[in-house]
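Notes follow once the structure below has been shown.
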Amino acid sequence: MSIGNSPNSSEEDRSSPGPDRPSVGRALQQARIGAGLTVEEVSTATRVRIPIVHAIEQDDFSRCGGDVYARGHIRALARAVSLDPPSLIERYDADHGGRPTPTVAAPLFEAERIRSEPRRPNWTAAMVAAIVAVIGFAGFTFFSSGSKHQGGPIASDTAKADKPGPAPSTIRPQAPQPPRPAPSDSAIAGLPKDKVTIKVTAKDGQSWVSAKDANGKLLQDGLLKQGESKTFTDKKRIDLVVGNAGAVQLYVNGKEVKKVGDEGSVERLSYTPGDPQAG
């Protein structure tokens, strides 16, 4: 009797047991050949690898990875070659010791849910708590001992604070310091009489000043910014060229020259130890 997909075979013949009934692998192979399919085509349709298809057709289910995977491969191959999957799976179970009795899931689930895993001690939390306790105890001890030792000084300071101080009338204010006198003409008047001393100050603006001694040596040749001063001394004579003469303050031998020149004018001046004579 053939179990392939031939017109003469009925559903009852394929599923009914008998001594001439082909094995699961033989039945799948005959049905594939009868359907005109190659192993490669069946593998592509079922996504079961070609070596496993060959092994199943030889009734070698060791490459399936277990009964669960074997039943899944048988089911996929049976559908591809138009066989009845349940009858082939029953035949596989009969040839391999029968399908195992399914376990009741509810009691096992309840047992797993009721049984709680023993909690492991949290050493990190315990260590942190111990450190906090030690720090707290140390801080308490420190502040307690500090308050005991500081009791005397605090009381002493309080007594000093309560002790009345001197009356306001007994406190003598310090006398204000007199301002330092500004340099006067007399300080410059004490200069030696045998020399000529000239002091040029750019008082009201900047001025260009050139100064030479009696030998023609250049003592100054440049710009004086406002507020700057230059002093020149020689035994015989000082020759000056002053720009912006109206902004310059000039002392000759300790005496101020009242009128040096006009603003913006350039003046050429020459002084000796006996000057100023005519200013």
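Return the sequence-ordered ³J(HN,Hα) values of segment 202-213 in whole Hz as given by the Karplus equation 6.51 cos²θ - 1.76 cosθ + 1.60 applied to θ = phi - 60°, using x for Gly and Pro.
For segment 202-213, the Karplus-derived couplings read 7, 7, 9, x, 6, 8, 8, 10, 10, 9, 9, 8 Hz, x marking Gly and Pro.
If each of Val68 and Asp84 carries a label point 7 Å out from its Cα toward its Cβ, how far apart are those two points in nm?
About 2.8 nm, to one decimal.
What list of ³J(HN,Hα) values in whole Hz, one per residue of segment 83-97 in order, does the Karplus curve 6.51 cos²θ - 1.76 cosθ + 1.60 (θ = phi - 60°) give from phi, with Gly and Pro shown as x?
Residue by residue, segment 83-97 yields 9, 7, x, x, 5, 5, 5, 5, 5, 5, 5, 5, 7, 10, x Hz.
Could you tell me the accessible area of Tyr69 in Å² (1.4 Å probe, neighbours in place), rounded to the nearest ten?
Looks like 140 Å² after rounding.
Report, to one decimal in Å, the Kirkwood hydrodynamic radius for segment 196-279 based on all distinct Cα pairs.
Value: 12.3 Å, from the Cα pair sum.
Read phi for every residue in segment 220-235 and hand back ³J(HN,Hα) as whole Hz from Karplus 6.51 cos²θ - 1.76 cosθ + 1.60, θ = phi - 60°, with x for Gly and Pro.
With coefficients 6.51, -1.76 and 1.60, one gets 8, 7, x, 8, 9, 6, 4, x, 7, 9, 9, 10, 10, 9, 8, 6 Hz.
The values are calculated or read from the model by the stated rules, or taken from the named source; none is laboratory data. Quick caveat: nothing in here was measured; it's all calculated off a predicted structure. Don't worry about glycine lacking a Cβ; one is built from the backbone with ideal geometry, like all the others, and counts go over all protein chains shown. With ligands, DNA and RNA removed, areas are computed over all heavy atoms of the protein, side chains included. Shrake-Rupley method; radii C 1.70, N 1.55, O 1.52, S 1.80 Å.
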